[in-house]
1. What pairs come up if the first residue lies in the stretch 97-111 and is assigned to a strand (DSSP E or B), the second is of a type in the set (Val, Ile, Thr) and modelled with pLDDT under 90, and their beta carbons are under 8 Å apart, counting only those six or more places apart or on different chains?
2. Of all residues in the stretch 9-33, how many are surrounded by 13 or more Cβ atoms within 10 Å (Cβ to Cβ), farther than 22 Å from Pro117 by Cα and either without any contact (Cβ under 8 Å) to a residue 40 or more places away in the chain or not aromatic (Phe, Trp, Tyr) (or both)?
3. Among the candidates Asn58, Asn65, which residue alone is polar (S, T, N, Q), assigned to a strand (DSSP E or B) and surrounded by fewer than 19 Cβ atoms within 10 Å (Cβ to Cβ)?
4. At pLDDT 90 or above and farther than 18 Å from Leu103 by Cα: is that true of Leu115 in this structure?
5. Under 8 Å by Cβ, and 6 or more places apart or on different chains, what pairs join a residue from the stretch 62-76 that is closer than 11 Å to Pro209 by Cα with one that is outside any strand (DSSP E or B) and charged (D, E, K, R)?
6. Go through (1) within 15 Å of the chain's Cα centre (by Cα); (2) closer than 20 Å to Asn69 by Cα; (3) in a helix (DSSP H, G or I); (4) not charged (D, E, K, R) for Ile147 and report which single condition fails.
7. Search the stretch 176-204 for residues that are more than 30 Å from Asn217 (Cβ to Cβ) and of a type in the set (S, T, N, Q) and pair each with any residue that is modelled with pLDDT of 95 or more and surrounded by fewer than 24 Cβ atoms within 10 Å (Cβ to Cβ) when their beta-carbon atoms are under 6 Å apart and the residues are at least 6 apart or on different chains.
8. Modelled with pLDDT of 90 or more and among the aliphatic types (A, V, I, L, M): does that describe Leu129?
Amino acid sequence: MQTILSFLFNILLYLTVIPASLVVILLFPILNTKSLQKIASMWVFFILNALKVICGVNWNISGINNIPNKPCILVSNHQGAWESFFLQTLCFPSSSIIKKELLFIPFFGWALACLKPIHLTRSKKITSLKKVIKDGSKKLKNGSSIIIFPEGTRARPHKGLKSFSKSCGILAAKNNIPIIPICHNSGLYWRNRKFNKVRGCVQVRIGKPITGNNPKNLTNDVYNWINSNFKEIN
């Protein structure tokens, strides 16, 4: 039964992604990034709620009030597609850090480009880190929050956290911006590279702002908070 429901959800996802992308693309010349992102988030909410209704994947959030009404750096563990959608609904405007290849996907990638993410070439690690710091600092100064998955790639829940890139700590220290740590267990339900969705409730924990002027200490503090919560909910 869950296979059939997962199939129905995927059909809905793929049927709606092109119309939603076209709306963003067509409105790009007349709306600012913040407004475009709010419109795009309507589709995200639709997809997440469709996942809940069709496949039984709900979610519970604790600590939502820890997100400030000013630019911040959202730092989350990365397990799959669910959080890539969900984090887009927390701050406006915000910029995600994505691999450049995503921008070449017809319609979806073009719409993604309209939302002004920071795009990187994964193979060029040093160049990518410099670009994150440079472009991220500009966006923070212009009032945009930054979304970072410091593990770089998706990790299966049973394998624990991967090591964190130091980009979040450098960005926070350089710009005197708080880091908001986020931990979740979405990979238990919307499993990476698995067709079937698993019924259950994604637990999302949002921590208090972490501040400081030492990039290494900041990164370690964020890792330790996420890792501690990771062990409790995965």
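1. Partner pairs satisfying both residue conditions: Ile97/Val132; Lys99/Thr121.
2. Number of matching residues: 2.
3. Criteria check complete, one pass: Asn58.
4. For Leu115, the condition - at pLDDT 90 or above and farther than 18 Å from Leu103 by Cα - is not met.
5. Pairs found: Gly63/Lys208; Asn66/Lys208.
6. Ile147 satisfies all of (1) within 15 Å of the chain's Cα centre (by Cα); (2) closer than 20 Å to Asn69 by Cα; (3) in a helix (DSSP H, G or I); (4) not charged (D, E, K, R) except (3).
7. Here the result reads Asn196/Ser6, each pair linking the stretch 176-204 to a residue that is modelled with pLDDT of 95 or more and surrounded by fewer than 24 Cβ atoms within 10 Å (Cβ to Cβ).
8. For Leu129, the condition - modelled with pLDDT of 90 or more and among the aliphatic types (A, V, I, L, M) - is not met.
The values are calculated or read from the model by the stated rules, or taken from the named source; none is laboratory data. In this text, all values refer to a predicted model and were calculated from it rather than measured experimentally. Cβ atoms come from the backbone with ideal geometry, glycine included; neighbour counts cover every protein chain shown.
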